[in-house]
Amino acid sequence: MPKTSPPRLFFRNAAQLLTLSGSRVPRRGAALGELGIIARGGVLTEGETILRVGSTRLLEREAVRLRAESIDCDGRVVMPGFVDSHTHLIYAGSRVNDYEMRLRGKTYEEIAQAGGGIQSSARKLARASLKPLVEQAAGFLEQFAAHGTTTLEVKSGYGLDIAQELKILRAIRKLQEQTSLDLIPTLMALHALPASFHGRSCQYVEEIITRLIPVAAGASVASGVVQGKRGYGRTQGHCHSEELAGDEESRLVLKTRRARSFAAAQDDRMGASFRSLISLVQAALGQGRGGTTPAATPEIQAGRERLAEFIDCFCDRGAFSVEDCRRVFEAGRKFGLTPRIHAEQLARTGAARLGIECGAATADHLDKISPADIRALAASEVVATLLPGANFHLGLKQYPPARKLIDAGAAVALATDFNPGTSPTLNMQFILSLACDQMRTTPAEAICASTLNAAHALRRADRIGSLEAGKQADLIALDVEDYREIPYYFAVNHCVMTVKRGRVVFSR
Ligand code: NIG
Ligand code: FE
């Protein structure tokens, strides 16, 4: 991206300037509908940052003094760029075959069980080199920018294999070097069980914990620290004991042990800065115990680069169990990866509760949550991220209970879930329409959920998500005079200008 400093800019005369200013925490309940509107508003930027926000009349003199370049936003709504906090941007090809099968009557789960779905995306991705993956995603990123998205989370997940997952994470890093948008990488550690691990999910989870998570987290693993490919060591014992734990009492013992080890993981994290990374890696992988043959794999050699910031699991019927996901989150935490969880999309499994227990940044989907789950989420810091694009594309009648979550006081965000299987849309404006028309949010709530609260969902609300002095100059202009027209005129791209870090990156 360009090294020269962006010009000073003065965006003047917005019909409505939606600032979303004034909140350091996610907006909940009635506050979710507060947009901080300034009529005939203006924004003055200096380099990548917002210098001043206010009425155009009051900013005019300073803009002249600073010789800022003036951009007239007359008759338009100006607001923070959309923050899309849930995408699966990197995949090969598409899933139009699945799409047609569904239209002919098969369900999403039936197609997945027959080897389509995520597995078919994984087969395509394994055949693709880095270059076409990056090229396809780069094309999508231009479209994200053209539709007003300025920051997006990007998950891996179509690898289902250590090397392929790392390929995806490297593709994300390569894209970040090319795009002006901010990409936040997430390791989607558990997405689907590869066919080669059929009936051995425990061993797959073990592979992910010992061989993928440390590398994705950028642990500089010295030769000999990581257990060899064939030896599962003490962890094999763990799988074994779990499988044998049939009676109530042993289940209770296991539960207590897990609760303790989760607490220990949290302590570890607190103390991490005082220890060398190597000793952290050794502790995490149980080096020295279990008597396995250590080996330096190619993935480990390629480590040292932090490739992910968050860790995600698909915790659902037909995907991974709460137990599997808990273990992966504990492991991720030890390496500083913050959990986010695909929860209660297909069935209620207790995934949202796991998200709360693990201090996840978000619990996403939530179609099947219970009233008690709603109360628990509302009482927690977890951002409830709703993805109505998936419901729309799957042709479902039932949508996530947005209204109940908002009214209960949960911190609600909206995202596209851009992916080839269930939600091939990158248009946040359409997500706003779905939120309003299908889930009965107000337009103001939907806007707040897709900017400020989404920034909280990515733990970046100190920099993005609202228009305030000192924050990043990420803003968009839409060709409407009233913000309510954004969802009202649905399936239209209203965005006419996208500004990222003080630079106009799209205009028409
Ligand atoms: O968020 N639920 C799991 N992951 C994606 C779908 C992935 C796919 O079908 O390719 C989702 O909906
Ligand atoms: Fe998803």
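Values quoted throughout were computed directly from the atomic coordinates according to the rules given, and no laboratory measurement underlies them. As the structure is a computational prediction, the values presented were derived from the model and not from experiment. In this analysis, Cβ positions are derived from the backbone assuming ideal geometry, glycine residues included, and neighbour counts consider all displayed protein chains.
Could you tell me which of the pairs Lys155/Lys334; Lys334/Lys500; Lys106/Lys368; Lys174/Lys500 are separated by over 24 angstrom between their Cα atoms in the structure shown?
As for pairs spanning more than 24 Å Cα to Cα, those are Lys334/Lys500.
Between Arg459 and Arg57, what is the spin-label point distance in nm, taking each point 7 Å from the Cα along the Cα→C-beta axis?
That separation, rounded to one decimal, is 4.5 nm.
Using only Cα atoms, figure out Rg for segment 1-98 and give it as a multiple of 2.2 N^0.38 Å.
It is 1.42.
Non-local amide H neighbours of Arg348 (under 5 Å, H modeled in plane, Pro and chain starts lacking H): which ones?
The list, which skips near neighbours in sequence, is empty: none.
Please label the shape of segment 67-117 as rounded, prolate or oblate, based on the square roots a ≥ b ≥ c of the eigenvalues of the alpha-carbon gyration tensor (a/c under 1.5 means rounded; beyond that, a/b larger than b/c means prolate, else oblate).
prolate
Count the net charge of all other residues whose Cβ sits under 12 Å from the Cβ of Gly502, scoring Lys and Arg as +1 and Asp and Glu as -1.
+1
What order do you get for 416-423, 36-43, 22-29, 405-412 when each peptide is scored by the mean count of other beta carbon atoms within 10 Å, highest first?
416-423, 405-412, 36-43, 22-29
What do you get for Rg/Rh over segment 382-491 if you use C-alpha atoms and the Kirkwood form of Rh?
On the Cα set of segment 382-491, Rg over Rh gives 0.96.
For segment 417-473, take the convex hull of the Cα atoms, compute a quarter of its surface area, and give me that in nm², please.
For segment 417-473, the mean projected area of the Cα convex hull comes to 4.6 nm².
Which distance in nm do the two modelled labels at Ala372 and Glu100 give, with both placed 7 Å along the Cα-to-Cβ direction?
4.7
State the extension gain, in nm to one decimal, for the chain segment bounded by Glu109 and Val25, taking 0.36 nm per residue of separation less the distance between their alpha-carbons.
Working it through step by step, the gained length comes to 26.5 nm.
Within 10 Å, count the other beta carbons around each residue, average over each peptide in 127-134, 374-381, and list them highest first.
Per-residue Cβ counts within 10 Å, averaged per peptide and sorted highest first, yield 374-381, 127-134.
At a Förster distance of 35 Å, what's the computed FRET efficiency of Ala379 paired with Ser129, Cβ-Cβ distance as r, to 0.05?
E between Ala379 and Ser129, to the nearest 0.05, is 0.15.
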